[in-house]
Every structure is written in structure tokens, then in C-alpha cells.
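S.K.: Structure incoming, see below.
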Amino acid sequence: MQKNNWYILYALPAVILVTALIALPTIFTVLFSFTEWQRFNITGFGTLRHYARALKDLTLGKAFVHNFLYILFTIFLEVGAGLILAGLVNHLKHSIVYRGLFFSPLILPSIVVGVLWRQIYAAEGGLLNTIIIALGGKAVSWLDQPYTMISVSIVSGWLFAGYFMTIFYSGLSRISRSVIESAIIDGATPFQVYTKIELPLIKNLIMLSLLIVTTGGFKGFDLFQIMLRRDPMESGIVLPTLLVRIFFENQDIGYGSAISMILTAVVVLIMVIISLINKAVGEVEEY
Amino acid sequence: MKKVYFLTLVSLLVFLGVSVYGGGKQEGKGTVLRVASSSEGPEHIAIYDKMIADFEAKHPGVTVTWDRSSGDDYQFQGLPSLLQSSTPPDIYSEWAGNRVKNHYLDHEAMDLSSLADRLRPIIDDSAWSGAVFDGKTYMIPTSQDVTIMMWYNVDIFNKLNLKVPKTWTEFLTVCAKIKEAGMTPILMGNSDAWIAGNFVGLFLYRWAGEQKTIDILSLKPGTKFTDPDFVKAMQFAYDLGKLGYINKDLNTLEYEPSFARLFDGSAVMYPLGTWFKTEIIQGIAPDPEKANFDFFNLPAMEGGKGDQSSYMGVNAGFMMNAKTKHRALAEEFLTMMVAPEYRKEFAKVGDFPSVKDTLDPSDSYAMKVKAMMNQTKTVVAPPDTGYNLEMSTALYQAMAKVLVNEMTPEAALAEVETKISHLRQ
Amino acid sequence: MRSKREETILPHPLLIALLVILLVIYLFPILWMYISSARSMSDFVNNPLGLPDSLHFENYRQAFEMANLGHHLLISAFITIISVLCVTVLSSLAAYSFSRLTYAGKNLLYAFFFIGLILPVQSFLVGMFIEFKVLGLLNTLSSVILPLTALSLPLAILLMKAYFDTLPSSLEDSARIEGASTFQIFYYIIMPISTAIVVTVITFTAVNVWNEFLLPFVMIQTENLKPITTSLYVFSTKHSAQLTLKLAALTIIATPMFIVYFVFQKQIQEGITAGALKE
């Protein structure tokens, strides 16, 4: 294949689109974070005021805490659950049916999931409280302090456990049968087979999943917005919803941009850290 | 090679087509006059529809579109976005005070002073408050409203032999008696934070005085939220919570579901505005005929520096977009909006129009409200409509926490101060 | 590349029981949604956990009308179709060039798309909003179609390139000897044998675009132009008392999605997880 620089035209439309709609806006956001605004008009440039304010912002700190809680919970509820499900489903007949069913909630638009679970969690007449009361307990407002983060995380887990299960399954299903069979012949229990043989072989998938769940933990917006709405008590405020509130309610473009940048920096930082950890842990046999 | 160009062109054309389609989807035939507001009840919409029909009949070739899609998000997100779009409204509804001022500062508001002068004879003087800045009028008021009155269950009051309290001490006694009888004295569904915000907001004006409250809420330099008068005013709220006179789950209880407890008799009083009579009793009560509710203004706080007959109210109206291309049409539409013949219809469905002599004298409820409005010169603005939204959000959070005794007034107000410190620069 | 072993080699009955229990609990919310949406409101209020006494199909009709579902479904469909078309065309062209062609700047551009994959939406949301405001695109369908297309491109390109990489170059060599132009090779040889991957790309792009909430939430405020996701949001905030109605609207939206899913399950799963795996 000889080199022909005109071939760049094949890729150019896609490049132009991504540049105009992703690269440029990102640059703008960076610039805006250093700009002074009066509503939608620029009044000055070259200020660090927004970042200084971010350092002192209590609500921002609260949002960060919530994000970390969310990540912590979802590591178990999404990745952990995915591992368990993959392990359970891996050696079964008709696993495709089970896998299909566990994955299915993810197909739903977030609005359906959010409204449905909001009704499940509702303080008055919600499904969960109805069940609890029928069992003799007391109703709880699941979407408020102190349950907010765990409640949303459970919904997230409901959505994504199947996703991670699929990822892990693709790794587990490639492990050669002979390895497992010889282990069983040697007397290993299923649990031991799982933990000592299968899990280590999908270590890089696990690392990858941790990467996805931590960066995703900072990006999650839909569930929070739909289930908590305006959330004036800030019981479930997270960075993305805080950003939307600052930008749209308070029309604070400078500060909103600064928060966007902080969010981006955190996500990139996490990716770098986890990638480094991954490399340090060592290569695992390629498939 | 040619094919690549061709495909690129096709892709570009598709995008162009999409933009044109997306933009084009808005245009109707001929001239379009756009109006925007938050959501309204069906009776209101019916009257507005009639107005639109009459207007379109008078102006063939003109279509009036009314966007109510933002619903509750109108004040936070809906209107700002609509104004920024390429098809902004020519006329939009607003609340008097800070919000009007912001539109004026953002060059979104047309100076309506000359129109206002023409309309002055038919509109109550008090309705213009909050519509005027720097000597110019930016909003045509269409209605005045009381946002906080103490609604109470008359039957239960009679059963417990309670009289309408005129002072705070009497009020606390009434609450105590209700609590003793096993019911919740004051009920609020405060999950959106504004009910308690308006309620306790009135405490601020009554106790600390109108001017001081306005100064502090306007973030006037030299003022602090931790002002001792504010702390003491919030203490009243704290005590209500401590004495058990308020439903403990007020911050997690949603607005609409909350009224169930009022109508089943487990709670007795609810601080809400004039729309209680229309929207709540008609719309939500299981048996509107049996719902026997009346109201009284917040009782006088002994020792308070403010006018103890004041009420918390909001003037609402419509503004014109400074960038409108249809000024004359819009002016005509605005004039139509305050025409007495339409506003009388609004009065029939529970509104309190800004227009003189539109209330039905045989409507005892409307007359009673009007009497309450007329017996004071002091109308105070709710924190979220009259002032900076970020500030009021922080203040409402503080009030919510104080009412459930989660924070002391001092701590809560100090937190407000921290949160809004960046607004003071 | 899954092995075909379907037999159980570790069939612990307890584990299977656990799995079934998990499955039931897992699917319970969806079942509840379906069952409750066909009940009358008064029934539901008395016993949220009950079964319908009779099937109240009018709930669905009511929900359809009140939420104006027909209109908003059309909007969603329009957005999805346009986006999917553009993504498919542009990504296959670009991926082909990355995989089979050589030119200056190729690797740089490919890396460029990788970065696009990593960046969270929030990084450029503010900038994009202002950009659209200046261009007068706010509150138009373009404000949603354009970003969604751009956002779907990196993953689509990734997947298609990976697929193209697996194709032997011998395919093209014989065609070139016959004098075919590069584009002819692309269009008449490579694409026809790529239907599987194209279907995958189309499917998961369509699902992602259809389900998108944040972008229309931020960019589109006029009711008429809202896709089904954001218009349902407004609907759900307005009628808090009529739960069966809301659930009915949800089932109307959910059912086609489930049908699409069960037909295209393989492609959807592949698409959604492939992005992760390829990283």
C-alpha cells in the first residue's frame, strides 16, 4: 500500500466533527475557567478567582465526598457483583439466558430506571416501604440523608452488575477447560477454583473494571438528576449535578468551567494512577 | 477519490439539513409572537387560550405560541435557556424584585415605562413594586399573591375550642393544645425547600425589621447573615421544631403527598399561599366539599422590629424581551393581558389580579384576602423571588436544618455566610 | 471466541439456587412496573404490591396522550436515525483509512480519537453550550445530533478498525491488480463483508443515542423538540399523584427496548463492552 496523503480525506470528516464538537469546546471550557463573566458576557480575562473559590467551596467538598462514597459503593455493587455473577454463570448451561437477563436493565433509558426506582424508594407509598411495613418495619425515606448515596448506588449496581459480568465472563470463558478439570481432579472446591485459578487469570480485566468504575463514578449524572431532582438539601449532590446547577441555575460560567476542569483533572489523574498500578502489577498472559 | 469528496459533501449536507430542520421546526406561518411561562392550571390556560384566540383573530397572519414546557424548572433553567436560544420568547412571565432586576442587568428586558404609564390607571399602585429599577418600569404586573398564610382546619379548631391566635404567644398555646390532642400542629412538605423558606423568611422580616432584612438579603456591604436579629428570628423556628410543633419529616416529605395528612385530620395547620384554596382544596383534597379550611396571617411577634401586620407576597407579571422583533405586537398583547374583562376571569379561578375592581364582591374568600392585603402597607418579598437565587438556596437549606434542629441558628447562618461569601466581591 | 462448552462442570445446586433467587430479585422491579401499570390508581394506592383486578389498558392510552409520547418518540427516532447514519458512514471511512491506508498524520489522528474516548462529557459541556449559543444552535435538534454523533465516533472507529485489521490484505491485493481505486475497494469489497460489525456499531450507537439524557436536558428547553428521555422527565415531575399513569408511560417506552434487546442481544453486549475491552 503506497502512501498517498490524500487518503487523509477518509478520516477528515470524522476528525472535523470531533474537533469542532469536542476538542474546541474543551479548549473553550479551559479558557472560560480563567475568565470573568457577568452572566453571558465576558468582562475580564486571566483570573484565578474561580479556582480559589473552588478550594473554599463547602458544597464542592460535599460533592467530592459523595462521589467517593458512590465509587466505594459501586466497586462492590457493580464490579464485585459482576464478579460474583460471572463466576456463578460461567459454567452453567444456557448461560446466555442468564447473562442476557442480568444485562437487560442497561438497555433501558435512564429516565425509565430513574422514575421507576424513585417510585420504589418513595417515602410515602413506595414499593420498598410497602414491603417493609408489611413485614412489620418502619418506613424510611430512602432518597434522603443518610441513605441517599447507598440508594442511588444500588440502582447503579442493578444497572451495571450485568455489564461487568459480561466483561468478566468474556475473560473467564476463555480459560482452558483442562486447567480447571485438573484442579478439580486434584480436589479443589468450586470456590477454590474460582478464587485461586480463575480470578487471577482475569486480573487485568478486574483492573480495567476498577478503572471504569472509578472514572464512571465521577461522570454519573442521569440517575442523580432523575431520582433526586433539584435536591435542595444536597443530600446526593455530586460533581456532575453540581456543575449543571452552577452553570444553569446560577449562570456562573466561569465557576462552572473551573469545576469542569477540576472534574476532568480528577478523572485523568485516576486513569493515570490506575494505569501505572496496572503496569506495576505486571503483565498477565495475553489471550 | 471523487467518491470521497462526494461522501464528505453528503455528510455536510446532512448536517446542514439537520440544522435547518432543527431551526426551521420552530417557525409557524407568518409572524410568530412567542410567550413563555412556567406551568399553569388548566383554568388559567383556558383563559389564556381565549386571549390568544381573540388576539389572533384581530391580527391575521400572527400566531401566538406559548411555551410552558419547563414547568417547575422555569425559574432555574427553563427561562434562562429559552432566552439564550435562537428563538427566544418575546414576552415572558416573571416575579417582581431581584429576578426582574437581573433581566434588566442582562439586557434582556425592554423598558416598558411608556406602556406602564398608559396602564397605570387600571392597575393597583402596590402591584408595581419590584417592577421598577432606576426609575424605569420593566414588568407589567398581572397578579399579586400572598405566599404565606396559616391555613387551618376550622372543624378541628372548633372541636378543640381554639381561637385564631393574634400573637406569637397565643400561637404557641394553640400549637401546644393541638399537640396534646395527638395531632401535628404545623405541617409542611418541604422537600423542595421553598415552603419552609417562605415561612421562616417571614419570621426574619417580622423580627429583624423590613429594612434590615432587605439589606442583609441583598448582600449589602457591612451586613452579615449572622446578625443577632437574624439569629433570634431563626430561634423561633428552632423552637417550633424543638417543641415538636412541626412534622419531623418535613424536609423529605414531598409537596403533593404532604396534603394527605391535612385532609385526613392528622395535621391541623399548613403555611401556604392563596392557591391553597384553589389548587389544593379543589385539586388534591379527596372531598373538596367537606374541606373546611380558613386562614390567618402570621401572628404578631411580640418585640419584633418589623411591621407585625405585614404579609409575604409576590407580584407577578410579564416582561418583554429587549431583543424582540415585534415590539408593537408585544405591547398590544401585554395590554390585552391586563384587560379587566380577562382578569375578572382569572379572579374567578382564584387569582388576585393587579387590575383594579376585578374581584367578585360576593366571593367572601377573595374579599377576606384583599382585606388582609389592604390592612398593611408592608409587603415583603420571598427570598427566592426577590433576591439572588444562590443566596436564597443557601438560606433555605439553613432554615430546613434549623427546623429539624440539625443545626443551631448561629451555625446555620454562619454556613450561609460561608457559602455566599464569593457573591460579596 | 467463546468456547462452546455449555455443560456444567461445577453444578453446585446451591449456587444455581442462589443465582435464580438473585435473578428474581433482580427482575422484580421490572415485573412490578409491568404489573402495576395495568392497575387502577385506587387499587394501587391500597396495595402497591397487588395484582391487577382487571387490565386497565386505558392507562396506556392515557399516558400516551398526556405525555404526548407519539410526538416525542418521533423526535427521538429522528435524532437517532440521523446520528446513526452519520456515525456509520464517517466511522467506517475513517476506520478503513486507519487500518488499510497509509498517509501522513495517520497515527496522530488515530490517537486523537482515543483521547475523545476518555474525556468526560462534563469537560466540554460548558464550552459546547456557549459555542452553540453563539452559533444560534441552542434549542435545536442539531445541538443534540451533532455532539452525539461526535461522541459516538471514537468507539465506532475503534471497533471498526479492529475488525478491519483482522481482514487479510490478500483481499485487496487482487482487486488492486485489477485496477480498482481505493474507494472502490472500500465500498465493494471491504464493506460488504463487514455487515456484522456494522450491525454492531449501528445497534449500540442507536441505543446510546436513544437513551441520552444529559445533552437534551441541557441543550433543549422547548417542549416540542424534546426527545422522549427529557420529555418523560418533565411528565414525571408534573403528575406525582398518578403513579399508575407514570408506570404506564414507562412500560410503553421500555417494551420496545426489550424487544430490540432480545433480538440484538449479542451486538448490544458486544458493542457496549467492547469499548472497555479494547482499552
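S.K.: Could you list, ordered by first residue, the pairs with Cβ atoms under 6 Å in which the first is in the stretch A:244-259 and farther than 14 Å from A:LEU60 by Cα and within 7 Å of another protein chain (Cβ to nearest Cβ) and the second is part of a helix (DSSP H, G or I) and of a type in the set (A, V, I, L, M, F, W, C), at least 6 apart or interchain?
M.R.: A:GLU249/B:PHE76; A:ILE253/A:PHE32
S.K.: Spot the failing condition for A:THR43; the list is (1) within 10 Å of chain C (Cβ to nearest Cβ); (2) part of a strand (DSSP E or B), and only one is missed.
M.R.: (1)
S.K.: For the stretch B:58-75: of the residues being over 18 Å from B:VAL32 (Cβ atoms) and open to solvent by less than 20 Å² (accessible area, probe 1.4 Å), which is farthest from the chain's Cα centre (by Cα)? I'd like the intermediate steps shown before the answer.
M.R.: Taking the stretch B:58-75 first, the residues over 18 Å from B:VAL32 (Cβ atoms) are B:70-75.
Keeping just the survivors that are open to solvent by less than 20 Å² (accessible area, probe 1.4 Å) gives B:70-71, B:74.
Details: B:SER70: 15, B:GLY71: 13, B:TYR74: 12 Å.
Filtering first and then ranking leaves B:SER70.
S.K.: Hey, another quick one. Within the group B:GLY201, B:GLY189, which residue is open to solvent by less than 10 Å² (accessible area, probe 1.4 Å) and part of a helix (DSSP H, G or I)? Before you say what the answer is, go through the steps one by one.
M.R.: Numbers: B:GLY189 fails: part of a helix (DSSP H, G or I).
One residue alone meets the criteria, B:GLY201.
S.K.: Which of the residues belonging to the stretch B:254-280 are away from every other protein chain (no Cβ under 14 Å), open to solvent by 10 Å² or more (accessible area, probe 1.4 Å) and not in a loop (DSSP other than H, G, I, E, B)?
M.R.: Of all residues in the stretch B:254-280, those away from every other protein chain (no Cβ under 14 Å) come to B:265, B:268-278.
Next, from what is left, pick out any that are open to solvent by 10 Å² or more (accessible area, probe 1.4 Å): B:265, B:275, B:277-278.
B:TRP275, B:LYS277, B:THR278 - these are the residues of the stretch B:254-280 that are away from every other protein chain (no Cβ under 14 Å), open to solvent by 10 Å² or more (accessible area, probe 1.4 Å) and not in a loop (DSSP other than H, G, I, E, B).
S.K.: Oh, and also: Going by the conditions given, is C:ILE197 free of Cβ contacts under 8 Å to residues at least 40 places away in the same chain, assigned by TED's automatic domain parsing to the domain that holds C:ARG100, open to solvent by 70 Å² or more (accessible area, probe 1.4 Å) and among the hydrophobic types (A, V, I, L, M, F, W, C)?
M.R.: Working: free of Cβ contacts under 8 Å to residues at least 40 places away in the same chain: yes; assigned by TED's automatic domain parsing to the domain that holds C:ARG100: yes; open to solvent by 70 Å² or more (accessible area, probe 1.4 Å): no; among the hydrophobic types (A, V, I, L, M, F, W, C): yes.
Criteria not met by C:ILE197.
S.K.: Any idea which residue in the stretch A:212-258 is surrounded by the fewest Cβ atoms within 10 Å (Cβ to Cβ), counting only those that are basic (Lys, Arg) and in a helix (DSSP H, G or I)?
M.R.: Of everything passing the filter in the stretch A:212-258, A:LYS219 is surrounded by the fewest Cβ atoms within 10 Å (Cβ to Cβ).
S.K.: Another question, then. Of the conditions (1) over 27 Å from A:PRO190 (Cα atoms); (2) modelled with pLDDT under 85; (3) open to solvent by 60 Å² or more (accessible area, probe 1.4 Å), C:PRO13 fails just one. Which one is it?
M.R.: Answer for C:PRO13: the failing condition is (1).
S.K.: Taking C:GLY179 as the residue in question, decide whether it is free of Cβ contacts under 8 Å to residues at least 12 places away in the same chain and open to solvent by 10 Å² or more (accessible area, probe 1.4 Å).
M.R.: On the way: free of Cβ contacts under 8 Å to residues at least 12 places away in the same chain: yes; open to solvent by 10 Å² or more (accessible area, probe 1.4 Å): yes.
The answer is yes for C:GLY179.
S.K.: Here's a follow-up. Could you tell me whether B:PRO60 is within 14 Å of another protein chain (Cβ to nearest Cβ), modelled with pLDDT of 85 or more and in a loop (DSSP other than H, G, I, E, B)? I'd like the intermediate steps shown before the answer.
M.R.: On the way: within 14 Å of another protein chain (Cβ to nearest Cβ): no; modelled with pLDDT of 85 or more: yes; in a loop (DSSP other than H, G, I, E, B): yes.
So B:PRO60 fails the test.
S.K.: State whether one or more residues within the stretch C:95-112 are touching a residue at least 40 places away in the same chain (Cβ under 8 Å), in a loop (DSSP other than H, G, I, E, B) and surrounded by 15 or more Cβ atoms within 10 Å (Cβ to Cβ). Walk me through how you get there before you give the answer.
M.R.: Initially, the stretch C:95-112 is screened for residues touching a residue at least 40 places away in the same chain (Cβ under 8 Å), giving C:95-96, C:98-101, C:110.
Next, from what is left, pick out any that are in a loop (DSSP other than H, G, I, E, B): C:101.
Now narrow it down to the ones that are surrounded by 15 or more Cβ atoms within 10 Å (Cβ to Cβ): C:101.
Taking every residue of the stretch C:95-112 in turn, at least one turns out to be touching a residue at least 40 places away in the same chain (Cβ under 8 Å), in a loop (DSSP other than H, G, I, E, B) and surrounded by 15 or more Cβ atoms within 10 Å (Cβ to Cβ).
S.K.: On to the next question. Within the bounds of the stretch C:212-230, is there any residue that is under 17 Å from the mean Cα position of the chain (by Cα), open to solvent by 30 Å² or more (accessible area, probe 1.4 Å) and either within 14 Å of chain B (Cβ to nearest Cβ) or at pLDDT 85 or above (or both)?
M.R.: yes
S.K.: Now for a separate question. Which numbered condition trips up A:ASN129, out of (1) over 23 Å from B:VAL404 (Cα atoms); (2) without any contact (Cβ under 8 Å) to a residue 24 or more places away in the chain; (3) open to solvent by less than 20 Å² (accessible area, probe 1.4 Å)?
M.R.: The number of the failed condition is (1).
S.K.: Tell me which residues, restricted to the stretch A:132-162, are within 14 Å of chain B (Cβ to nearest Cβ) and surrounded by 16 or more Cβ atoms within 10 Å (Cβ to Cβ).
M.R.: Within the stretch A:132-162, the first condition is being within 14 Å of chain B (Cβ to nearest Cβ), and the residues that meet it are A:138-148, A:151.
Passing the criteria: A:ALA139, A:VAL140, A:SER141, A:TRP142, A:LEU143, A:ASP144, A:TYR147, A:THR148, A:SER151.
S.K.: Please work out if A:THR195 is at pLDDT below 90 and loosely packed, with under 15 Cβ neighbours inside 10 Å.
M.R.: Details: at pLDDT below 90: yes; loosely packed, with under 15 Cβ neighbours inside 10 Å: yes.
Answer is yes for this residue.
S.K.: Going by the structure shown, is B:LYS377 assigned to a loop (DSSP other than H, G, I, E, B), of a type outside the set (Phe, Trp, Tyr), under 27 Å from B:ASP294 (Cβ atoms) and open to solvent by 50 Å² or more (accessible area, probe 1.4 Å)? Before the answer, list the steps.
M.R.: On the way: assigned to a loop (DSSP other than H, G, I, E, B): yes; of a type outside the set (Phe, Trp, Tyr): yes; under 27 Å from B:ASP294 (Cβ atoms): yes; open to solvent by 50 Å² or more (accessible area, probe 1.4 Å): yes.
Criteria met by B:LYS377.
S.K.: With respect to C:SER92, is the statement that it is more than 8 Å from every other protein chain (Cβ to nearest Cβ) and under 19 Å from C:ILE197 (Cβ atoms) true?
M.R.: Numbers: more than 8 Å from every other protein chain (Cβ to nearest Cβ): yes; under 19 Å from C:ILE197 (Cβ atoms): yes.
Yes: the conditions hold for C:SER92.
S.K.: Could I ask something else about it? Can you pull out the residues in the stretch A:12-44 that are hydroxyl-bearing (Ser, Thr, Tyr) and closer than 20 Å to A:ILE246 by Cα?
M.R.: Filtering the stretch A:12-44 for residues hydroxyl-bearing (Ser, Thr, Tyr) gives A:19, A:26, A:29, A:33, A:35, A:43.
A:THR26, A:THR29, A:SER33, A:THR35, A:THR43, listed by residue number.
S.K.: Can you pull out every residue in the stretch A:142-189 that is of a type in the set (S, T, N, Q) and either on the phi > 0 side of the Ramachandran plot or in contact with a helix residue (DSSP H, G or I) (Cβ under 8 Å, 6 or more places away or on another chain) (or both)? Steps first, please.
M.R.: Taking the stretch A:142-189 first, the residues of a type in the set (S, T, N, Q) are A:145, A:148, A:151, A:153, A:156, A:166, A:170, A:173, A:176, A:178, A:182, A:189.
Scanning the stretch A:142-189 gives A:THR148, A:SER151, A:SER153, A:SER156, A:THR166, A:SER170, A:SER173.
S.K.: Let me ask you something else. Looking at the stretch B:284-299, which of its residues are touching a Pro at 6+ places or on another chain (Cβ under 9 Å) and among the hydrophobic types (A, V, I, L, M, F, W, C)? Reasoning before the result, please.
M.R.: Taking the stretch B:284-299 as the starting set, the residues that turn out to be touching a Pro at 6+ places or on another chain (Cβ under 9 Å) are B:296, B:298-299.
Correct list: B:PHE296, B:LEU298.
S.K.: Follow-up question, since we're still on this one. Regarding A:LEU116, is this residue open to solvent by 10 Å² or more (accessible area, probe 1.4 Å), on the phi < 0 side of the Ramachandran plot and hydrophobic (A, V, I, L, M, F, W, C)? First the steps, then the outcome.
M.R.: Values: open to solvent by 10 Å² or more (accessible area, probe 1.4 Å): no; on the phi < 0 side of the Ramachandran plot: yes; hydrophobic (A, V, I, L, M, F, W, C): yes.
So A:LEU116 does not fit the description; no.
S.K.: Going through the stretch A:228-287 one residue at a time, which ones are at pLDDT below 85 and either acidic (Asp, Glu) or touching a strand residue (DSSP E or B) at 6+ places or on another chain (Cβ under 7 Å) (or both)?
M.R.: Hits for the stretch A:228-287 are A:ASP231, A:GLU249, A:GLU283, A:GLU285, A:GLU286.
S.K.: More than 25 Å from the chain's Cα centre (by Cα) and either without any contact (Cβ under 8 Å) to a residue 40 or more places away in the chain or surrounded by 19 or more Cβ atoms within 10 Å (Cβ to Cβ) (or both), is that true of C:GLY70?
M.R.: Here the answer is no, as C:GLY70 does not meet what is asked.
S.K.: Checking B:ALA328 against (1) in a helix (DSSP H, G or I); (2) crowded, with 17+ Cβ neighbours inside 10 Å; (3) of a type in the set (Gly, Ala, Ser): exactly one of these is not met. Which one?
M.R.: Among (1) in a helix (DSSP H, G or I); (2) crowded, with 17+ Cβ neighbours inside 10 Å; (3) of a type in the set (Gly, Ala, Ser), B:ALA328 violates only (2).
S.K.: Now for a different question. Restricting to the stretch C:181-211, count the residues that are of a type outside the set (S, T, N, Q), under 22 Å from A:LEU106 (Cβ atoms) and either facing another protein chain (nearest Cβ under 8 Å) or not in a helix (DSSP H, G or I) (or both).
M.R.: Number of matching residues: 2.
The values are calculated or read from the model by the stated rules, or taken from the named source; none is laboratory data. For clarity, every value in this text was computed on a predicted model and none was experimentally measured. Virtual Cβ from ideal backbone geometry, glycine too; neighbours counted across all protein chains shown. Areas reflect the complete protein model, heavy atoms only, side chains present, ligands, DNA and RNA absent. Shrake-Rupley method; radii C 1.70, N 1.55, O 1.52, S 1.80 Å.
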